[in-house]
Each structure stands twice: as structure tokens, then as C-alpha cells.
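Student: Here's a structure for you.
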Amino acid sequence: MPVEREVKLGAGPAFRLPELAGVVEGVTAATPETVRLETVYFDTPDLRLARWGVSLRRRAGEGWTLKLAPARPADNTAAILERDELTFEGAARRPPAAALEVVRAYVRRSELVPVARLSTVRKRVRLADAAGAHVAEVVDDEVSVRDGRRVAARFREIEVEVATGNGADGVVAPLVARLRGAGAGAPDLTPKHIRALGPRASEPPEVSPEPLAAGAPAPAVIKNALSESIANLLYHDPLVRTGRDPEAVHQARVATRKLRSNLRTFGPLLDPEWTEPLRSELGWLALSLGAVRDREVLLERLRERSRSLPASDTRSAAALLHLLEVEIDALRHKLGEDLDSDRYIELLERLVTGAHNPVTLPDADQPASGLLPALATTPWRRLRSAVRQLPESPTDPELHRIRILAKRARYAAEAVAPVAGADATAFGRAAARLQTVLGEHQDSVTAQAWLRAAKVSGRRAFVAGELIALEGIAAGQARAQWPKVWDSLDRKRLRDWMS
């Protein structure tokens, strides 16, 4: 997937592009060319795409282009705006189905309509290195925002579009310095269609956590916690669909798990007729995401393990892991079907509604500081009780259960941390360390089980045995380590913030 990389600068009516030849040694500038661009941007009537940092446009002669949101969290100090860019073919009047599929989580049951029409006179200067390779281009855009035949607004924008590789990043600072020396403004990350659409397009996304005021009531804290996870799920959905970010499935799964955990933690204050169906559907989604994520983790793990094998085993190891790759492809296909289903869209609609208005019980209408911290007590007690009941040599499933309980205790502490304070945050970090070491153990156990079940023979079976041996060592190390991590967690002072 191409990545658009650019620096945007403002410019006034009197600005003139300076001479760009020689701005960097060995870089030459082509003769400027002027083109006219007619662009229509599509969005939902409430501008959901724009508010998420996404744009979908059709440009005459170029077809359809979808630009995804920049990486989160946005680094407002970065000069270069980087966005994944996808192109599609299709008729002019209606967005292509393939583009709609990528942003389905944002659009859901709404529709995409034209929201901005831009006419641009573009003056373009291409730059190349000594070998003739493209490194950047500078464009001077005079943009007219159209309302029918009327020009509703005008603005001017300078862009430095940077290529990937070939030392292209080295031209950015000199080019920006040359342009600013000629009168261009400071770097501004605002895309054209956001300027054209006005303040509504700069509003927060459809779901966005809000800052909590001191002494906030419990419903506000609950709303904030749920909104954070729902926003993360929505943000990562297009990245899961495109496969662009290898961590996207993981982040979507974490968001889903946190939602289920938070609904459980805040359960005494929420209407069970609202929470239980949500938790059930989130469980379905978590299973679909988890099936892909678990196998991707396993593949990455075994690839790393296989690097320590003798060179003579490299080909057999690759053939063995190809079985896992085929399995992942099938699971990703199933995940895609789930994400395209009406069931998933209905779940998202309910989550978005819940992010704005969680269904709380009357008991929730109290100050959060006196009500929420105690809700973290139950998952902690369950974890502590389970650890104390372990035999001297716990089984693998018993350790896996401790990991699950540690994760629940961690999420509960993180959920109440906005009102419970630093002690809850520190407890959450300690629980995360326990979760990590036991996760390493479980990953090793899972790897051994997959290798033993793989239907292979000959050299591939021998390689599987080598990998099983390595994973056995890793599992033993995790077993030896986890009691120390548990002791660190158990020593945390809990009464002050759980009372």
C-alpha cells in the first residue's frame, strides 16, 4: 500500500515559488508544469470520515483515492504528514464498493455523499537525484471551494511531497527552509478538504474520550473508559481490513477485551439488560480477532526461533511454517467475513450509542472517587485466591488461568485509575508484568502444541522437534520467573485506593 508523505505550508497571494535547483547538492529541479484539478470529496452527512482524519475523493482523470488516518497518537510536532493511500476504479457518482468496505466501521448504515468540491490550479516542480530517481515534488496549489457555480472560499497551499527511500528525507528540511525563506508559512498538517469543510470537519471523532473534571460523577468515568476502547476499535478497523499494520488485529482485540472487562468491572452500576448482550457479542468478535492474532503471534515466534537452527534446516523450517501461513490466510478470510456482516455493524452501532449514553443504574449517580475504586477489589481477590490455591507445580492450564485473572485485575485497575490515582496505575503496571511473563509461558505451550499436531514427516518433523525443544526451554524459564513477578504484585499496597 502506498504511503503519502508530505509537508504542507500556507502561502499568501504574493508568494512566488523560489528557484529550487541546487537546494540540495546533486538534486535537480524540472521545469515547472501547471495542471488543473477538479476534485469531489465524499463523506457522511455528519462528516465522520473527516473527523477521523480519513478522506475519500474522486479526482477527474485520476479516479478514486482513499487516505486513512495518520498514525495514533498524532504527533503534532512532526513536519511530515504520513498517511496510507489506496486507489480504486469506479464510476464518478458513487464511491466504489471496495473503498466503502475499508471504511465500513465509520459509515455503517449512513451513506456517503459529496461534501466538498474543489477546483485547483496546481504548479508542480519535480525533483530528482543525480541518478535521475524521483525524490520529491513541490506543488503550489491555488484552491477554490465551490458551492455550485459559486466560489465559496479560496486558499493557497504549498506541499512538499516526499518519496520513500533513496535518501529523500534529506531534502525535506532544505526545501522547507527555502520555501519559508520565500515567504511560505509554517508547516500545517491540515488537509485541503478539512479547510474546505470548515470547523465541523475539525471536531473530535464520532467517539472520543473527553477530559474528566475533578470530582466527576461515576457515569462520566464509565463513559470515558468505554469511549476509549470503542474509539480504539473503530480506529484500527480499517487497518485490520487492509492488513497494513501488523499490530492492528492485536490492538482491535485488546480494545474488545478491555470493553468486555470494563463492562464486567462497572457491572454493579450498569443495567444488565444492556451489558450482557453487549458482552456476548464482544466475546464473538474477540474470538474472531483472537484466532488470527494468536496464529500471527505463533508464526512470528516460530520464525524467530527458526533463525537459531542450523542453516541446513532453513528450508524445512520454512516449509513447516508455510502450513501456519495457510492457516492464517483462512482465518483472516473468516475475520473479513465477520467484519462485513450485519451482526458486526449492529454491534458497532450499539457500541457508538453506548459510548455517548451508557445505561447506568440509579446507584451510579454518585461521585466516582467514593464509588469506583472498590470495584477493582473483586478481580484482585479472585487472582490472589487462585494463586494461593495453586499446587507446588502448577499445570499449564492452571498458569494460563492465572494469566487471565491477572489481565482482568489489570484492566479493572486501569479502568478506575482516573479516580483512584497513581497507586492504581502502579498496580496495573505490576499486573501487566505478571500477564507478560505468563503470556510468554502460554505462547510457548501453544507453540509446542501446534508443532506436535502438525502433520509433517521427514526433515520437517525433525525441525518441529528442534523447535519443540527450544520452546520447552522458554517455558521453563517463564515458570521459574513468574513467582518473583507475582511477589512484586502481591506486595503492592492496595487498601488505600480500593477502599
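The values are calculated or read from the model by the stated rules, or taken from the named source; none is laboratory data. Here the structure is a predicted model, which means the values were calculated and not measured. Cβ: placed from backbone, ideal geometry, glycine included. Neighbour counts: every protein chain shown. For the accessible areas, the whole protein counts, side chains as well, though only heavy atoms, and no ligand, DNA or RNA atoms are used. Shrake-Rupley method; radii C 1.70, N 1.55, O 1.52, S 1.80 Å.
Student: Could you list, in sequence order, the residues of the stretch 292-337 that are buried (at least 16 other Cβ atoms within 10 Å of the Cβ) and under 30 Å from Pro277 (Cα atoms)?
Tutor: Answer for the stretch 292-337, where residues must be buried (at least 16 other Cβ atoms within 10 Å of the Cβ) and under 30 Å from Pro277 (Cα atoms): Val292, Arg293, Asp294, Arg295, Glu296, Val297, Ile328, Leu331, Arg332, Leu335, Gly336.
Student: Just to be sure before I move on: is Pro191 open to solvent by 30 Å² or more (accessible area, probe 1.4 Å) and of a type outside the set (S, T, N, Q) in the structure I sent?
Tutor: Considered against the rule, which asks whether it is open to solvent by 30 Å² or more (accessible area, probe 1.4 Å) and of a type outside the set (S, T, N, Q), Pro191 comes out as no.
Student: Hey, another quick one. If a residue has to be closer than 19 Å to Ala475 by Cα and either open to solvent by less than 70 Å² (accessible area, probe 1.4 Å) or touching a strand residue (DSSP E or B) at 6+ places or on another chain (Cβ under 9 Å) (or both) to count, how many in the stretch 365-394 make the cut? I'd like the intermediate steps shown before the answer.
Tutor: Start the filter on the stretch 365-394 by keeping residues that are closer than 19 Å to Ala475 by Cα, which leaves 387, 390-394.
Okay, now just the ones that are also either open to solvent by less than 70 Å² (accessible area, probe 1.4 Å) or touching a strand residue (DSSP E or B) at 6+ places or on another chain (Cβ under 9 Å) (or both), so 387, 390-391, 394.
Counting residues in the stretch 365-394 that are closer than 19 Å to Ala475 by Cα and either open to solvent by less than 70 Å² (accessible area, probe 1.4 Å) or touching a strand residue (DSSP E or B) at 6+ places or on another chain (Cβ under 9 Å) (or both) gives 4.
Student: In the stretch 184-199, what count of residues is obtained for those that are in a helix (DSSP H, G or I) and without any contact (Cβ under 8 Å) to a residue 24 or more places away in the chain?
Tutor: Summing the residues that are in a helix (DSSP H, G or I) and without any contact (Cβ under 8 Å) to a residue 24 or more places away in the chain in the stretch 184-199 gives 1.
Student: Shifting gears a bit: Look at Arg180 and say whether it is touching a residue at least 12 places away in the same chain (Cβ under 8 Å), surrounded by fewer than 20 Cβ atoms within 10 Å (Cβ to Cβ) and of a type in the set (Lys, Arg).
Tutor: In short, yes.
Student: Is it the case that some residue within the stretch 269-284 is within 29 Å of Arg452 (Cα to Cα), in a helix (DSSP H, G or I) and either at pLDDT 95 or above or open to solvent by less than 70 Å² (accessible area, probe 1.4 Å) (or both)?
Tutor: The first filter runs over the stretch 269-284 and keeps only residues within 29 Å of Arg452 (Cα to Cα), leaving 283-284.
Of the ones still in play, those that are also in a helix (DSSP H, G or I) are 283-284.
From what's left, either at pLDDT 95 or above or open to solvent by less than 70 Å² (accessible area, probe 1.4 Å) (or both): 283-284.
The answer is yes, given that some residue of the stretch 269-284 is within 29 Å of Arg452 (Cα to Cα), in a helix (DSSP H, G or I) and either at pLDDT 95 or above or open to solvent by less than 70 Å² (accessible area, probe 1.4 Å) (or both).
Student: Which residue pairs have Cβ atoms closer than 6 Å, lie 6 or more positions apart in sequence or on different chains, and pair a first residue in the stretch 395-406 that is open to solvent by less than 50 Å² (accessible area, probe 1.4 Å) with a second residue that is of a type in the set (Lys, Arg) and assigned to a helix (DSSP H, G or I)?
Tutor: Leu405/Arg382
Student: Out of the residues in the stretch 19-30 meeting the condition of being open to solvent by 30 Å² or more (accessible area, probe 1.4 Å) and in contact (Cβ under 8 Å) with a residue 40 or more places away in the chain, tell me which one is farthest from Thr120 (Cα to Cα).
Tutor: It comes out as Gly26.
Student: Is the stretch 151-166 home to any residue that is open to solvent by less than 20 Å² (accessible area, probe 1.4 Å) and touching a Phe, Trp or Tyr at 6+ places or on another chain (Cβ under 9 Å)?
Tutor: Yes, there is a match, as at least one residue in the stretch 151-166 is open to solvent by less than 20 Å² (accessible area, probe 1.4 Å) and touching a Phe, Trp or Tyr at 6+ places or on another chain (Cβ under 9 Å).
Student: Under 6 Å between Cβ atoms, which residue pairs at least 6 apart in sequence (or on different chains) link something in the stretch 238-264 that is more than 15 Å from Tyr344 (Cβ to Cβ) and open to solvent by 60 Å² or more (accessible area, probe 1.4 Å) with a partner that is of a type in the set (D, E, K, R) and in a helix (DSSP H, G or I)?
Tutor: Qualifying pairs under 6 Å: Arg260/Arg279.
Student: Look at Ala453 and say whether it is among the aliphatic types (A, V, I, L, M), within 21 Å of Arg257 (Cα to Cα) and free of Cβ contacts under 8 Å to residues at least 24 places away in the same chain. Can you show your working first?
Tutor: Numbers: among the aliphatic types (A, V, I, L, M): yes; within 21 Å of Arg257 (Cα to Cα): no; free of Cβ contacts under 8 Å to residues at least 24 places away in the same chain: yes.
In short, no.
Student: Now for a separate question. Which residue pairs have Cβ atoms under 8 Å apart, sit 6 or more places apart or on different chains, and have a first residue in the stretch 95-119 that is within 18 Å of Leu68 (Cα to Cα) and a second that is among the aliphatic types (A, V, I, L, M) and assigned to a loop (DSSP other than H, G, I, E, B)?
Tutor: Qualifying pairs under 8 Å: Pro95/Leu112; Leu100/Leu112; Val102/Leu68; Val103/Val54; Tyr106/Val54; Val115/Leu47.
Student: Still on this structure, I have one more. If you check Arg459 against the conditions, is it open to solvent by 20 Å² or more (accessible area, probe 1.4 Å) and without any contact (Cβ under 8 Å) to a residue 60 or more places away in the chain?
Tutor: no
Student: Continuing with this model, one more query. Among the helices (runs of 4 or more DSSP H) confined wholly to the stretch 83-183, which include 2 or more residues that are of a type in the set (D, E, K, R) and over 18 Å from Gly61 (Cα atoms)? Reasoning before the result, please.
Tutor: Values: elements: 97-102, 104-107, 172-181.
Once the helices (runs of 4 or more DSSP H) in the stretch 83-183 are filtered for at least 2 residues that are of a type in the set (D, E, K, R) and over 18 Å from Gly61 (Cα atoms), what remains is 172-181.
Student: Is it the case that Asp141 is loosely packed, with under 13 Cβ neighbours inside 10 Å, under 19 Å from Arg195 (Cβ atoms) and not β-branched (Val, Ile, Thr)?
Tutor: Taking the combined requirement at face value, the residue does not satisfy it.
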